[in-house]
Amino acid sequence: MSLLLDVVLTGGGYLVGSIATAILVARALGLGDPRLSGSGNPGATNILRIGGRKAALLTLLGDLIKGVVPIVIARLLGLEDWALAAVALATFLGHLYPVFFGFRGGKGVATALGILLALLPVLGLSVLGLWILVFAVTRVSSMAALLAAIGAVPIVFAVSPETSMRVLIMVLVPLILWRHRSNIRRLLDGSESPFKKR
């Protein structure tokens, strides 16, 4: 029964992760498919560009919540360590490759943050603080995301003795970097655009 519960919750995490908040928000507000506008990424940053702050906030909250909910449910039902890590990874992969939207998802930053806040609040808050600091200095969302993701590696080794959590971070971070590969190219050639203060 325990193994069956682990499998069901892992599959459930993937399905929850597959709920593409940006696409649903864009449809509800008549913005069209965000994968066909702006940067083409169905995430809060692109929604901010094409739909404004309200749409971006809704997208951000939705992506955060869908990272939190599967972990909270799994914890309440008694999953531990590696099973929790499996649910977390499945939820993240659902965001990146959503079954409901042709496996074309976002870059995973907000959903990963929700996962971390639910799994290891100290790690999640530390990563969030690092993102805010980098963004405040550079005004470049992708750079903030990349440095916060990289920073999660030493932080998890400092705050968690659990091998499962460390391995999870070591898997999530390369996936985030891979999904940001176009941003990395633009950062290197100086063409990545910062947000302008309003």
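The values are calculated or read from the model by the stated rules, or taken from the named source; none is laboratory data. Nothing here was measured: the structure is a model prediction, and the numbers come from that model. Here the Cβ is made from the backbone with ideal geometry for all residues, glycine too, and neighbour counts use every protein chain on show. The protein model used for the area step is the full one, side chains on, heavy atoms only, and it has no ligands, DNA or RNA in it. Shrake-Rupley method; radii C 1.70, N 1.55, O 1.52, S 1.80 Å.
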Only one residue in 123, 147, 116, 96 is touching a Lys or Arg at 6+ places or on another chain (Cβ under 7 Å) and aliphatic (A, V, I, L, M), so which one is that?
-> 96
List every residue pair whose Cβ atoms sit under 7 Å apart, with the two residues 6 or more apart in sequence or on different chains, where the first one lies in region 1-23 and is in contact (Cβ under 8 Å) with a residue 12 or more places away in the chain and the second, anywhere, is open to solvent by less than 30 Å² (accessible area, probe 1.4 Å) and among the hydroxyl-bearing types (Ser, Thr, Tyr).
-> 13/91; 14/91; 16/91; 17/91; 17/111; 21/59; 22/59
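State yes or no: is residue 136 within 24 Å of residue 56 (Cα to Cα), crowded, with 19+ Cβ neighbours inside 10 Å and among the small types (Gly, Ala, Ser)? Reasoning before the result, please.
Details: within 24 Å of residue 56 (Cα to Cα): yes; crowded, with 19+ Cβ neighbours inside 10 Å: no; among the small types (Gly, Ala, Ser): yes.
No, not satisfied.
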Can we say residue 23 is in contact with a helix residue (DSSP H, G or I) (Cβ under 9 Å, 6 or more places away or on another chain), at pLDDT below 95 and assigned to a helix (DSSP H, G or I)?
-> yes
Search region 172-198 for residues being charged (D, E, K, R) and open to solvent by less than 70 Å² (accessible area, probe 1.4 Å), and hand back the single one that is modelled with the highest pLDDT.
-> 179
Before we move on, is residue 169 open to solvent by 40 Å² or more (accessible area, probe 1.4 Å), assigned to a helix (DSSP H, G or I) and touching a helix residue (DSSP H, G or I) at 6+ places or on another chain (Cβ under 8 Å)?
-> no
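Quick check on this structure: which one of 85, 148 is over 25 Å from residue 9 (Cβ atoms), of a type in the set (Gly, Ala, Ser) and open to solvent by less than 20 Å² (accessible area, probe 1.4 Å)? Let's see the steps before the verdict.
Values: 85 fails: over 25 Å from residue 9 (Cβ atoms).
After applying the criteria, what remains is 148.
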